[in-house]
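Shown below is the structure under consideration.
The values are calculated or read from the model by the stated rules, or taken from the named source; none is laboratory data. Here the structure is a predicted model, which means the values were calculated and not measured. Using ideal geometry, Cβ is built from the backbone for each residue, glycine included, and neighbour counts are taken over all protein chains shown. Ligands, DNA and RNA are excluded from the accessible area calculation, which covers all protein heavy atoms including side chains. Shrake-Rupley method; radii C 1.70, N 1.55, O 1.52, S 1.80 Å.
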Amino acid sequence: IEFIINSMRLRHMRKGQVFVGEGVVCNEFAVVRSGLFRHFLRADSGEEKNYSITFPGQIIASYSSLILGIEAQENIEAITDAE
C-alpha cells in the first residue's frame with residue numbers, strides 16, 4: 001500500500017477530457033478525488049451509451065484493458081472538472 005501511495009500523483013482533468021478512450025491500452029488507474037466521470041460505449045452508429053458514473057472516492061480504469069493489456073472497448077470521460 002505504501003508503494004502505491006508513494007507512486008500516486010495529483011492529476012487535474014477538465015470537463016470533457018478523456019481518461020481512457022476506446023482503442024487505447026489502459027496502463028493506469030485513478031482514485032477520483034473530486035469531480036465525476038462517465039463510462040460509455042460507442043455504437044457502430046456513433047451513438048454513445050452511458051453505462052456508469054464514477055463519483056469521488058471511487059476508482060476509475062478500463063479494468064479489462066489494464067489487467068489483460070488489450071485495447072479498451074470503453075471510454076471514460078470527465079463530466080465535470082476533476083482531480
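With respect to Ile67, determine if the residue is open to solvent by 80 Å² or more (accessible area, probe 1.4 Å), closer than 28 Å to Asn6 by Cα, out of contact with any Asp or Glu (no Cβ under 8 Å at 6 or more places or on another chain) and free of Cβ contacts under 8 Å to residues at least 12 places away in the same chain.
Details: open to solvent by 80 Å² or more (accessible area, probe 1.4 Å): yes; closer than 28 Å to Asn6 by Cα: yes; out of contact with any Asp or Glu (no Cβ under 8 Å at 6 or more places or on another chain): yes; free of Cβ contacts under 8 Å to residues at least 12 places away in the same chain: yes.
When the stated conditions are applied, Ile67 passes them.
Kindly check whether there is at least one residue in region 12-20 that is modelled with pLDDT under 95 and in contact with an Asp or Glu (Cβ under 8 Å, 6 or more places away or on another chain).
So the first thing to find is which residues in region 12-20 are modelled with pLDDT under 95, and the list is none.
For region 12-20, residues modelled with pLDDT under 95 and in contact with an Asp or Glu (Cβ under 8 Å, 6 or more places away or on another chain): absent.
Please go through region 49-64 and give me each residue that is without any contact (Cβ under 8 Å) to a residue 12 or more places away in the chain and touching a strand residue (DSSP E or B) at 6+ places or on another chain (Cβ under 8 Å), ordered by number.
Lys49
Restricting attention to region 55-83, and to residues there that are among the acidic types (Asp, Glu) and assigned to a loop (DSSP other than H, G, I, E, B), which single residue is farthest from the chain's Cα centre (by Cα)? Walk me through it before giving the result.
Kept after step one, since they are among the acidic types (Asp, Glu), are these residues of region 55-83: 71, 74, 77, 81, 83.
Narrowing the set further to residues that are assigned to a loop (DSSP other than H, G, I, E, B) leaves 74, 81, 83.
On the way: Glu74: 9, Asp81: 13, Glu83: 12 Å.
The qualifying residue farthest from the chain's Cα centre (by Cα) is Asp81.
For region 70-83, name all the residues that are polar (S, T, N, Q) and open to solvent by 60 Å² or more (accessible area, probe 1.4 Å).
Of the residues in region 70-83, the ones polar (S, T, N, Q) are 73, 75, 80.
If the condition is that a residue be polar (S, T, N, Q) and open to solvent by 60 Å² or more (accessible area, probe 1.4 Å), then Gln73 is the only one that fits.
Of everything in region 1-47, what is open to solvent by 80 Å² or more (accessible area, probe 1.4 Å) and among the acidic types (Asp, Glu)? Give them in sequence order.
Listed by number, the residues that qualify are Glu2, Asp44, Glu47.
Can I ask one more? Determine which single condition Glu28 fails, assuming it passes every other condition in (1) under 12 Å from the mean Cα position of the chain (by Cα); (2) at pLDDT 95 or above.
(2)
Among the listed residues Ser52, Ser34, identify the single one that is of a type in the set (Ser, Thr, Tyr) and assigned to a loop (DSSP other than H, G, I, E, B).
Ser34 is the lone residue from the list that is of a type in the set (Ser, Thr, Tyr) and assigned to a loop (DSSP other than H, G, I, E, B).
Let me ask another. Please verify whether Ile53 is within 16 Å of Thr80 (Cα to Cα) and touching a Lys or Arg at 6+ places or on another chain (Cβ under 7 Å), treating the condition exactly as stated. Break it down stepwise before answering.
Values: within 16 Å of Thr80 (Cα to Cα): yes; touching a Lys or Arg at 6+ places or on another chain (Cβ under 7 Å): yes.
Against the criterion (within 16 Å of Thr80 (Cα to Cα) and touching a Lys or Arg at 6+ places or on another chain (Cβ under 7 Å)), Ile53 qualifies.
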